[in-house]
Amino acid sequence: KRKRGVDELSSLKTAVEKLDLKEDFSEFSKLPLSEFTKKGLKASHFTQLTKIQSKAIPLALKARDILGAAKTGSGKTLAFLIPVLENLYRQQWSSDHGLGALIISPTRELAAQIFQVLRRVGRYHAFSAGLVIGGKDTQEEQERLARMNILVCTPGRMLQHLDQTAAFDVGNLEMLVLDEADRIMDMGFQSSVDAIIEHLPKSRQTMLFSATQTQKVSYLARLSLRDQEYVGVHEDA
Ligand code: ADP
Ligand code: MG
């Protein structure tokens with residue numbers, strides 16, 4: 001049993017290395033994904049990739065930084081959640097590793113939606129995941145934070161924890177996602193996000209998604225991304 005698990009993992013790693021970025025992936029079953037993610041997608045009735053997903057996911061599986069632009073409703077959530085689950089899974093991320101991925105969203109409502117999708121699609125994985133959006137007891141939240149592998153958060157609350165919760169170590173973090181970057185900036189979270197990024201390790205993978213490309217989004221992109229691939233889907237594409 002154990003041997004089989006090890007073999008599966010090494011063939012998955014090889015498949016990701018060999019993944020041909022010129023190929024046009026239309027079905028999740030054709031991508032090199034863990035059985036846990038494949039089962040989660042199937043159970044959620046996701047079979048075909050949307051355009052932004054087929055452009056972003058293969059690159060993100062190969063640990064590239066992503067600057068993604070696609071209108072609301074195009075499927076950006078799975079475009080970053082699948083790589084988050086997979087890139088941590090292939091490293092056998094466990095509770096000992098601490099926080100592996102941080103997903104920042106502008107509003108509580110949007111963060112809660114992302115968390116729901118994570119719970120559904122990631123249900124067969126063993127990661128611990130939390131939602132940090134304020135409105136709850138800070139003390140209780142602090143105690144749970146230390147044990148999380150994946151967090152979905154709003155900027156203000158996250159910064160509060162990074163500044164105040166001594167036991168909260170983000171030194172191992174591998175992946176940062178900035179979702180709805182245009183709204184993050186429009187809502188005045190620039191300095192909070194700047195400060196959060198200051199706390200994070202410099203060597204990490206970052207994915208920034210936005211419905212629109214504005215001056216402020218470019219600022220955030222410059223601040224957070226490295227050698228990024230631009231993936232865009234437009235109305236007439
Ligand atoms: P965005 O973040 O770009 O606004 P979402 O990630 O919220 O878009 O997805 C919009 C809707 O499309 C959701 O209802 C979601 O369940 C659905 N969706 C996303 N990806 C797929 C897919 N591959 N197949 C079918 N439906 C999808
Ligand atoms: Mg979205």
Give a residue-ordered list of calculated ³J(HN,Hα) values for the stretch 142-149 (Karplus: 6.51 cos²θ - 1.76 cosθ + 1.60, θ = phi - 60°; whole Hz; x for Gly, Pro). 4, 5, 7, 3, 4, 9, 8, 9
Charge dipole (the chain, unit charges on Cβ, about Cα centre) - positive-most of Leu85, Val233, Ser29: Ser29
Return the aspartates and glutamates within reach of Lys39: Cα separation strictly under 20 angstrom, same-chain partners fewer than 8 residues apart disregarded; answer none if there are no such residues. Asp7, Glu8, Glu27, Glu86
Using +1 on the beta carbon of Lys and Arg, -1 on that of Asp and Glu, and nothing else charged, what's the dipole of the stretch 9-117 about the Cα centre, debye to 20? 200
Amide H neighbours of Val132 under 5 Å, counting only residues 5+ apart in sequence or on other chains, H built in-plane at 1.01 Å? Val152, Cys153, Thr154
Calculate, axis by axis, the spread of Cα positions in the stretch 91-193 along the three principal axes, and write the results as whole Å, longest axis first. 37, 31, 24
Can you order the peptides 168-181, 24-37 by their average number of other Cβ atoms within 10 Å per residue, highest first? 168-181, 24-37
If Rh is defined by the Kirkwood formula over all Cα pairs and Rg also comes from Cα, what ratio Rg/Rh do you get for the stretch 2-232? 0.94
Work out how much length Thr14 to Asp227 would gain on full extension: take 0.36 nm times their residue separation and subtract the Cα-Cα distance, in nm to one decimal. 74.4 nm
What are the ³J(HN,Hα) couplings of the stretch 15-30, residue after residue, when phi is run through the Karplus curve with 6.51, -1.76, 1.60 and θ = phi - 60°? Round to Hz, x for glycine and proline. 4, 5, 4, 7, 3, 8, 6, 7, 6, 9, 7, 10, 10, 4, 5, 8
How large is the helix-only mean residue ellipticity at 222 nm for the chain, computed as the sum of -39500 (n - 2.57) over DSSP H runs with n ≥ 4, divided by its residue count, in deg cm²/dmol to the nearest 500? -14000 deg cm²/dmol
Cα-centre dipole for the stretch 2-232 with unit charges at Cβ (Lys and Arg positive, Asp and Glu negative), debye to 20: 720
Report, by chain and number, residues whose modeled amide H sits under 5 Å from the one on Ile66, excluding near sequence neighbours (fewer than 5 apart, same chain). Thr206, Met207, Leu208, Glu229
Is there a pair in Lys55/Lys76; Lys51/Lys216; Lys51/Lys202; Lys76/Lys136; Lys30/Lys62 whose C-alpha atoms are over 18 Å apart, and which pairs would that be? Lys51/Lys216; Lys51/Lys202; Lys76/Lys136
Candidates Gln116, Gln213, Gln139; GNM for the chain (alpha-carbon contacts under 10 Å) flags as most fluctuating Gln139
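FYI, it's all coordinate maths here, none of it is from the lab. Since we're looking at a predicted model, the values are computed, not measured. Note: ideal-geometry Cβ built from the backbone for every residue, glycine included; neighbour counts use all protein chains shown.
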